[in-house]
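Beneath this line is the structure, given in structure tokens, with notes to follow.
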Amino acid sequence: MLSFTGLHNGGGHPIANRTDLYYNAEADFALTDGERVLYAESYFTVAELARQLLAWDGKGEFGYLDDSMIEHGAVRIRRSGQGWRLGSVFAPDSWTREVSTPWLRKHIAEFHAAVDAACRAEFGVPLTG
């Protein structure tokens, strides 16, 4: 559902700390529902997305906020029935199927762990301390 490939340093300068990591660790990102791609972006700030998703309280809606993007909500999570749907402001009519809170939490944790491992391997800087 949340995936990335090709992690690189979008800022071009050495990544020395987490702030640098959040704004400069970029990758090809995709939000999918099975085989269907709802939103894809190259040079997406995946470390910042992973940080914001992990900090989300799971009670209200989520909208990814990145100062470099014109619109708020490149990745959105909203309530739907008994669960949640994911989408993007850049594809306003496309949403994932409904997923449960435990399923969503599990996938957010997996996405965060994958981004963290890639950042540690590529830059030597973890997402969290």
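Only Cα pairs under 8 Å and at least 6 apart count here; give the relative contact order of the chain as a rounded whole percent. Walk me through the intermediate numbers first.
Details: 232 pairs, mean separation 30.0, N = 129.
For the chain, the relative contact order is 23 percent.
Restricting attention to segment 44-92, which GluC sites (Glu not before Pro) occupy a DSSP loop and are surrounded by at most 15 other Cβ atoms within 10 Å?
Working: sites: Glu48, Glu61, Glu71; in loops: Glu61, Glu71.
Counting only loop positions with at most 15 other Cβ atoms within 10 Å, the GluC sites (Glu not before Pro) in segment 44-92 are Glu61, Glu71.
Counting other Cβ atoms within 10 Å, which trypsin sites (Lys or Arg not before Pro) in segment 18-116 have at most 14 and lie in a DSSP loop?
Qualifying residues, ordered by number: Lys59, Arg97.
Test of understanding: in a Gaussian network model of the chain with alpha carbons linked when under 10 Å, which of Val46, Val89, Val75 would top the mean-square fluctuation ranking?
Val89
Tell me which GluC sites (Glu not before Pro) from segment 6-43 have a DSSP coil assignment and no more than 12 other beta carbons within 10 Å of their own.
On the way: sites: Glu26, Glu35, Glu41; in loops: Glu35.
Sparse-neighbourhood loop GluC sites (Glu not before Pro): Glu35.
Under a 10 Å cutoff between Cα atoms, tell me which one of Ala117, Ala27, Ala16 has the largest fluctuation in the Gaussian network model of the chain.
Judging by the Gaussian network model, the answer is Ala16.
7 Å from Cα along Cα→Cβ at both Ser3 and Asn17: what's the point-to-point distance in nm?
Calculated label separation equals 3.6 nm.
Quick check: at a probe of 1.4 Å, how many percent of the accessible area of the chain sits on carbon and sulfur atoms? Don't jump to the answer; show the numbers that get you there.
Working: 3290 of 6630 Å².
That fraction is 50 percent.
Which listed residue (Gly81, His13, Cys119) has the Cα farthest towards the positive end of the charge dipole for the chain, taking +1 on Lys and Arg C-beta and -1 on Asp and Glu C-beta about the Cα centre?
With unit charges placed on the Cβ atoms, the residue in question is Gly81.
Under a point spin-label approximation (7 Å from Cα along Cα-to-Cβ), what is the Tyr43-Ser94 distance to one decimal in nm?
The answer from the label model is 2.1 nm.
Pairwise over distinct Cα atoms, reciprocal of the mean inverse distance: report the Kirkwood radius of the chain in Å, one decimal place.
14.8 Å
Once you compute Rg and the Kirkwood Rh from C-alpha atoms, what is the Rg to Rh ratio for segment 34-101?
Working: Rg = 11.9 Å, Rh = 12.6 Å.
Answer for segment 34-101: 0.94.
Express the accessible area of segment 2-123 per residue in Å², computed with a 1.4 Å probe while the remaining protein chains stay in the model.
On the way: 6310 Å² over 122 residues.
Value for segment 2-123: 52 Å² per residue.
With +1 on each Lys and Arg Cβ and -1 on each Asp and Glu Cβ, how big is the dipole of the chain about its Cα centre, in debye rounded to the nearest 20?
On the way: 12 positive and 17 negative charges, 107 e Å.
Rounded to the nearest 20 debye, it is 520 debye.
Treat each spin label as a single point 7 Å out from the Cα along the C-beta direction, and report the Trp56 to Glu110 distance in nm.
Output for this residue pair reads 1.6 nm.
The values are calculated or read from the model by the stated rules, or taken from the named source; none is laboratory data. This structure is a prediction, so every number in the text was calculated from the model and none was measured. Glycine gets a Cβ as well: all are built from the backbone with ideal geometry, and neighbour counts include every protein chain shown. Just so you know, the surface numbers come from the protein's heavy atoms only, side chains and all, with ligands and any DNA or RNA stripped out. Shrake-Rupley method; radii C 1.70, N 1.55, O 1.52, S 1.80 Å.
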